[in-house]
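Contents: one structure, followed by commentary.
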Amino acid sequence: MTAEAGPPATPVVPSTVAFRAILGKDLRAELRTLQSLPAMALFAVTTFVIFRFGLDRTSLSGDLAAGVLWATLLFAAILGINRLFVAEREEGGFDAIRLAPIDRTALFAAKAAALLAYLVVLELVVVPVFAIFFLDSAAALAPLALVLLLADLGLAATGTLISSMAVNSRARDLLAPLVLLPLAVPLSIAATGAIEPLLALGGPGYHRFGTWLAVLGLYDLVFLLVGYAVFDFLLED
Amino acid sequence: MNAIELRGLRREYGERAALRDVGLRLEAGESLAVLGPNGAGKTTLLRVLATLLRPSGGEARVLGARLPDEAWKVRGRIGFLSHEPLLYRDLNGRENLRFHARLHGIERGAIEERISFLLAAVGMERRADDRVAELSAGMRQRLAICRCVLHEPELLLLDEPDSHLDAPGRELARELLGPGEGRTRVVVTHDPERFLPEADKVLRLAVDGSAELTEAALR
């Protein structure tokens, strides 16, 4: 081989620039097409209606309230997770990003941020609906927001990782929930454990609240680090 | 300096060999025409050179970087025009080009000027604010050409660059993708009459994955 010393490599584009470009592109496309968020919100509200009539209860509290809220949010999130990388797969975004001089973990970070934004907007819409349907008081909503934000962060990290793997499969709609749901079990235990005392009969309590928040934070940290470590390999052919 | 150097390059999909023992040396500024029937591995070769596919064996150097280990060194120095335009359907042409410009680190202040120049060069100024989903295949190809040369790459990898283009479109594309300005080009084509006159070398691929390199006969 004669070309021992080629010209220097193109400088890597700062990750913040790539992150903002990808996130901005995703949010712009979602605002224009509304392909994910309305479906997620409609699914969640419909599920609350089904629970309301299926349980024949106008008020929920404690573990049942926590379970109904978290299960609904988790399944609604899967709708968004399934679509997270579809444009990248079907419109050549993966190739375009792999050709650019960027750190590919910027794609992971941007997709996780987009999913986090979807989840926060989803909850801003559907948690008040849940409160109207099932709660006697709105006193728990402020601490509930903190729990949901921590849970969303973990779900965004795990969901982004799983979605990037599943999108190349023809059975991606099936594969993503099948892989994600077992991985989300620790997250679900911690989230419902933190929510349960908040929605207790007679007003919010804080029994082991800090412990569950710490577990949520640990889950978030682990999956953000796993995503950072392995995402580059997931994009290889 | 050799822009591309291949020795015994292989690429397999499972049991099937798409490329077998491909050898090639292309100097900077030269043009290579890649010919062959459907299924001969032309697109696979282009994707290997673009660092989008890993070789199964053999040696490959692109712009001095050894593939796949040093693939990161050539990202941003290659312009890749494939069958897919690599454009997001829900964004308009200008938004797509702006996105790619930022991914390639073009200075924020220079982006709009560069995009306007390229859109004018392919005759797309009037439709640049339409969503890509609303454009014809030929117009998407014109935008894809803009995307391909947006960052002024040293090496152009072009997979049937004239696809979907009408006669005026082909002439406009030639201005941006032609052999001038010392750029190295690899052009996959089914139209040898058009591309052989501007090729320095010709690589003929066969369906069994084998390859034959010759100096361009019609130059």
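The values are calculated or read from the model by the stated rules, or taken from the named source; none is laboratory data. Predicted model only: the values in this text are computed from it and were never measured. Note that each Cβ is placed from the backbone with ideal geometry, even for glycine, and that neighbours are counted across all protein chains shown.
Data table
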quantity: Which numbered condition A:Arg98 fails, given (1) crowded, with 19+ Cβ neighbours inside 10 Å; (2) away from chain B (no Cβ under 14 Å); calculated: (2)
quantity: Qualifying residue in segment A:55-70 (condition: over 21 Å from B:Glu84 (Cα atoms), aromatic (Phe, Trp, Tyr) and surrounded by fewer than 19 Cβ atoms within 10 Å (Cβ to Cβ)); calculated: no
quantity: Every pair of residues 6+ apart whose Cβ atoms lie under 6 Å, when the first sits in segment A:191-217 and is buried (at least 21 other Cβ atoms within 10 Å of the Cβ) while the second is not in a helix (DSSP H, G or I); calculated: A:Leu198/A:Ala140; A:Leu198/A:Pro204; A:Leu199/A:Ser61; A:Leu199/A:Ala140
quantity: Meets criteria (modelled with pLDDT under 95 and either touching a Leu at 6+ places or on another chain (Cβ under 7 Å) or of a type in the set (Ser, Thr, Tyr) (or both)) for B:Leu49; calculated: no
quantity: 3 or more residues within 12 Å of another protein chain (Cβ to nearest Cβ): qualifying helices (runs of 4 or more DSSP H) within segment B:37-136; calculated: B:42-49, B:93-103
quantity: Flag if A:Leu69 is under 27 Å from A:Phe231 (Cβ atoms), in a helix (DSSP H, G or I) and more than 14 Å from chain B (Cβ to nearest Cβ); calculated: no
quantity: Qualifying residue in segment A:194-214 (condition: within 16 Å of the chain's Cα centre (by Cα) and either assigned to a helix (DSSP H, G or I) or among the aromatic types (Phe, Trp, Tyr) (or both)); calculated: no
quantity: Failed item in (1) within 27 Å of B:Arg25 (Cβ to Cβ); (2) in a loop (DSSP other than H, G, I, E, B), with B:Leu157 passing the rest; calculated: (2)
